[in-house]
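Asks: Before anything else, here's the structure in question.
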Amino acid sequence: MRWLALAAVLATGPAAAQPAAPPGWDDAPAMLTAAVDAHADTLRACLAGAPPRTIGMIVFRDRHDRTVVAMPMPAVGIRGLTPEERCLGRAVAGVVLPPLPPTLAQVGFAYTIAAAGTPAPAVDPAFVDWRAPATTLAAGLDPRAATIAACDRRPRTVRLNVDRRRDRTRVWLPAWQFHARSGDGTTPARERKVKACIARAIRGVALPLLPRTMGELQVELRTAPSTK
């Protein structure tokens, strides 16, 4: 019996090291690079010319709460998409990312398709402050959460856009969310008051400078006004 036990131990051996978990939204640069690099050969095969070539990508949550990756297409009008654009669009749609954090509805970023065997470009130093975008946004916006919620007696989802303009990070309030449901582009009196209040609440929000390789972020803040 002792020999059988010893044989079982020898057969088992030391415990195998567990593979490291893939990076998530707490390390956005590593996550994006790893996810898109897996499709690098497919992306290179789409190019009409030689690499390098930088393309834009957007990550967003669709109506079914799925995190989707897409390539924003230019306003091509009647000429239609080129074969290269169609190919890149299909390749980018195959990129799989973890679900977006609850406060993030959309993130844009740039990716450089490099020649095979080319070392990866250095990470933009500005990503030090945006490595975990949801955490960075929370640090800047959470202190304003109660003030924003107090702008409306009803619970609502407030949408904010964050982008980079003239070497500063801008936080602004899209007007469409306050328009009348009729779709005529007007803003009801009640919504005008709420809009003005929220605009004042977010004025002066300071966020670190966005990396040049990160585009516009769309933020969703779900408010729950106090009933007291």
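Asks: Here are G204, G185, G215, G140: which of them is over 29 Å from A28 (Cα atoms) and not hydroxyl-bearing (S, T, Y)?
Replies: On the way: G204 fails: over 29 Å from A28 (Cα atoms); G215 fails: over 29 Å from A28 (Cα atoms); G140 fails: over 29 Å from A28 (Cα atoms).
On inspection, the qualifying residue turns out to be G185.
Asks: May I ask you to list pairs of residues, at least six apart or on different chains, whose Cβ atoms are under 8 Å apart, with the first in region 186-205 being closer than 16 Å to P174 by Cβ and the second being of a type in the set (S, T, Y) and part of a loop (DSSP other than H, G, I, E, B)?
Replies: K195/T187
Asks: Let me ask something else. Mind checking which pairs have a first residue in region 146-175 that is under 18 Å from G215 (Cβ atoms) and a second that is acidic (D, E), Cβ under 7 Å, 6 or more apart or different chains?
Replies: Taking only residues 6 or more apart or on different chains, the pairs are R159/E220; N161/E216; V162/E216; D163/E216; R170/D163.
Residue-by-condition table, conditions (1) in the same structural domain as D62 (by TED's automatic domain parsing); (2) under 21 Å from G56 (Cβ atoms):
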site	(1), (2)
T82	yes, yes
G89	yes, yes
L100	yes, yes
V107	yes, yes
D142	no, no
D167	no, yes
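Asks: Using beta carbons and a limit of 7 Å, which pairs, at least six apart or on different chains, have the first residue in region 207-219 and among the acidic types (D, E) and the second one surrounded by 14 or more Cβ atoms within 10 Å (Cβ to Cβ)?
Replies: E216/G108; E216/N161; E216/V162; E216/D163
Asks: If we scan region 56-70, do we find a residue that is over 30 Å from A145 (Cα atoms), free of Cβ contacts under 8 Å to residues at least 60 places away in the same chain, surrounded by 18 or more Cβ atoms within 10 Å (Cβ to Cβ) and not polar (S, T, N, Q)? Lay out the reasoning, then the answer.
Replies: Taking region 56-70 and keeping what is over 30 Å from A145 (Cα atoms), we get 56, 70.
Okay, now just the ones that are also free of Cβ contacts under 8 Å to residues at least 60 places away in the same chain, so 70.
Next cut, surrounded by 18 or more Cβ atoms within 10 Å (Cβ to Cβ) only: none.
No, every residue in region 56-70 fails to be over 30 Å from A145 (Cα atoms), free of Cβ contacts under 8 Å to residues at least 60 places away in the same chain, surrounded by 18 or more Cβ atoms within 10 Å (Cβ to Cβ) and not polar (S, T, N, Q).
Asks: While we're here: State whether the residues of region 71-82 include one that is part of a loop (DSSP other than H, G, I, E, B), β-branched (V, I, T) and buried (at least 17 other Cβ atoms within 10 Å of the Cβ). Walk me through it before giving the result.
Replies: So the first thing to find is which residues in region 71-82 are part of a loop (DSSP other than H, G, I, E, B), and the list is 71-76, 80-82.
With the extra rule that they be β-branched (V, I, T), the set shrinks to 76, 82.
Those still in the list that are buried (at least 17 other Cβ atoms within 10 Å of the Cβ) too: none.
No, the conditions are met nowhere in region 71-82.
Asks: Report the residue count in region 187-228 for those that are polar (S, T, N, Q) and surrounded by 12 or more Cβ atoms within 10 Å (Cβ to Cβ).
Replies: Selection size over region 187-228: 4.
Asks: Something else now. Taking region 136-159, which residues are polar (S, T, N, Q) and surrounded by 14 or more Cβ atoms within 10 Å (Cβ to Cβ)? Working first, answer last.
Replies: As a first pass, look at region 136-159 and keep what is polar (S, T, N, Q): 136, 147, 157.
Within region 136-159, just T136 meets the criteria.
Asks: Kindly indicate whether R190 is in a loop (DSSP other than H, G, I, E, B) and charged (D, E, K, R).
Replies: Working: in a loop (DSSP other than H, G, I, E, B): no; charged (D, E, K, R): yes.
Considered against the rule, which asks whether it is in a loop (DSSP other than H, G, I, E, B) and charged (D, E, K, R), R190 comes out as no.
Asks: Out of everything in region 1-42 that is farther than 30 Å from V128 by Cα and surrounded by 10 or more Cβ atoms within 10 Å (Cβ to Cβ), what residue ends up being modelled with the highest pLDDT?
Replies: That would be A7.
Asks: Same structure, new question: Among the residues of region 98-129, write down those that are outside any strand (DSSP E or B), more than 30 Å from R159 (Cα to Cα) and touching a residue at least 60 places away in the same chain (Cβ under 8 Å).
Replies: Going through region 98-129, the residues outside any strand (DSSP E or B) turn out to be 98-103, 114-129.
Then keep just the ones that are more than 30 Å from R159 (Cα to Cα); that gives 114-122.
Within region 98-129, A114, A115, A116, T118, A120 meet the criteria.
Asks: Look through R159, R86, R164 and report the one residue that is out of contact with any His (no Cβ under 7 Å at 6 or more places or on another chain), modelled with pLDDT under 95, under 17 Å from I202 (Cα atoms) and not in a loop (DSSP other than H, G, I, E, B).
Replies: After applying the criteria, what remains is R164.
Asks: Kindly list the number of the only condition in (1) at pLDDT 95 or above; (2) in a loop (DSSP other than H, G, I, E, B); (3) farther than 17 Å from A28 by Cα that fails for A91.
Replies: With (1) at pLDDT 95 or above; (2) in a loop (DSSP other than H, G, I, E, B); (3) farther than 17 Å from A28 by Cα applied to A91, the lone miss is (2).
The values are calculated or read from the model by the stated rules, or taken from the named source; none is laboratory data. A quick note: this is a predicted structure, and the numbers were derived from the prediction, not measured. All Cβ positions, glycine included, derive from the backbone under ideal geometry; neighbour counts span all protein chains shown.
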